[in-house]
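First the structure, in the form of structure tokens, and then the observations on it.
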Amino acid sequence: MATKTTRYNKTGISKLPDDKPVVYKIQSESGKNNYTGIAKRGRVRERLNEHLPGGKDYIPGSKVHIEQVGSIAEAREKESRIISRSKPKYNKQGK
């Protein structure tokens with residue numbers, strides 16, 4: 001499926017595709033994974049905007065990397081693998 005990396009701001013997020021579920025990683029300037037999450041089809045931009053400063057789930061970062069997947073179930077599996085492997089700083093551990 002498609003992948004894309006963009007700046008982690010309203011402008012960058014507004015350019016991301018919203019037509020499939022995604023697994024996303026919010027990354028630091030150096031590329032370190034700060035947070036991994038999923039978003040349903042049609043809610044990708046809205047979910048990422050919730051992580052920006054002033055949003056309800058603020059996560060610091062400078063880039064966001066998304067990977068589109070075929071289903072929300074596939075997204076959950078991939079998210080779980082990424083979290084267990086890289087243990088991002090802002091994810092609740094033990095998920």
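Here are the numbers for this structure:
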quantity: Extension gain, residue 45 back to residue 18 (0.36 nm per residue minus Cα-Cα distance, nm); calculated: 9.0 nm
quantity: Only Lys, Arg (+1) and Asp, Glu (-1) charged, at Cβ; the chain dipole about Cα centre in debye; calculated: 160 debye
quantity: Summed side-chain charge close to residue 73 - residues other than residue 73 whose Cβ falls under 14 Å, Lys, Arg +1, Asp, Glu -1; calculated: +3
quantity: For residue 34, residues with placed amide H under 5 Å, excluding near neighbours; calculated: 26, 27, 28
quantity: Karplus 3J(HN,Hα) series, Hz, for region 54-64 with 6.51 cos²θ - 1.76 cosθ + 1.60 (x for Gly, Pro); calculated: x, x, 6, 10, 4, 10, x, x, 10, 9, 10
quantity: Phi to ³J(HN,Hα) by Karplus 6.51 cos²θ - 1.76 cosθ + 1.60 over region 71-79, Hz, x for Gly, Pro; calculated: 8, 5, 5, 4, 4, 4, 4, 5, 4
quantity: Candidates 43, 85, 76: whichever shows maximal mean-square fluctuation once the chain is modelled as a Gaussian network with Cα springs under 10 Å; calculated: 85
quantity: Expected-Rg normalisation [2.2 N^0.38 Å, Cα atoms] applied to the chain; calculated: 0.97
quantity: Inter-label distance, nm, simple model (7 Å from Cα along the C-beta direction), residue 32/residue 86; calculated: 1.3 nm
quantity: Chymotrypsin sites (Phe, Trp or Tyr not before Pro) within region 5-58, DSSP loop, no more than 14 other Cβ atoms inside 10 Å; calculated: 58
quantity: Selection from 55, 68, 42, by position along the positive dipole direction of the chain (Cβ); calculated: 55
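Read-outs throughout are calculated quantities, based only on the coordinates presented, and are distinct from any laboratory measurement. Predicted, not measured: the structure shown is a model, and the values here were computed from it. Reconstructed Cβ throughout: ideal geometry from the backbone, glycine too, with neighbour counts over all protein chains shown.
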